[in-house]
Amino acid sequence: MSHDDWNSNIRVNLKSCYRLMKEAWPALRNNKHGRVVFLSGFSEYMGAGSVLDGTTRLAIQGFTQALAKEGEKYDIKINTVLPVTQDRVSQLPNSLASRATYSNLTPLLVYLSSL
């Protein structure tokens with residue numbers, strides 16, 4: 001992996017989340033209310049992604065958890081959703097496999113945005 005690959009992956013997967021929150025956080029905090037939902041990749045959690053993808057996707061999860069904790073006192077809720085491609089559904093536990101469809105993604109995003 002080259003430095004350019006590393007920097008590009010950090011910029012696309014992680015820095016984009018940071019930039020969004022850097023701009024939005026003051027307004028969310030001042031309004032004492034907000035909902036943010038990041039979309040990330042799931043394959044890295046199942047050992048199928050590259051080191052670069054896995055590192056940045058897991059960093060997004062850590063970023064989300066830290067922001068969610070900080071946002072609690074301002075009624076700001078932050079989540080990350082990890083959509084699963086159809087070829088990966090069979091690798092999920094049975095309890096999740098039947099619900100892991102893209103048709104379920106939109107209602108989930110609406111729900112998380114309206115909590």
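The values are calculated or read from the model by the stated rules, or taken from the named source; none is laboratory data. These numbers come from a predicted model, not from an experiment. When we count neighbours, we look across all protein chains shown, and the Cβ atoms used for this are built from the backbone with ideal geometry, even at glycine.
A search for C-beta distances below 8 Å between a residue of the stretch 98-115 that is at pLDDT below 75 and any residue that is part of a helix (DSSP H, G or I) and surrounded by 10 or more Cβ atoms within 10 Å (Cβ to Cβ), counting only pairs 6+ apart in sequence or on different chains, returns Ala100/Val89; Thr101/Val89. Within the stretch 23-43, being farther than 21 Å from Leu112 by Cα and either modelled with pLDDT of 95 or more or not small (Gly, Ala, Ser) (or both) holds for no residue. When the residues of the stretch 59-84 are filtered to those that are of a type in the set (Val, Ile, Thr) and in a helix (DSSP H, G or I), the one that is modelled with the highest pLDDT is Thr64.
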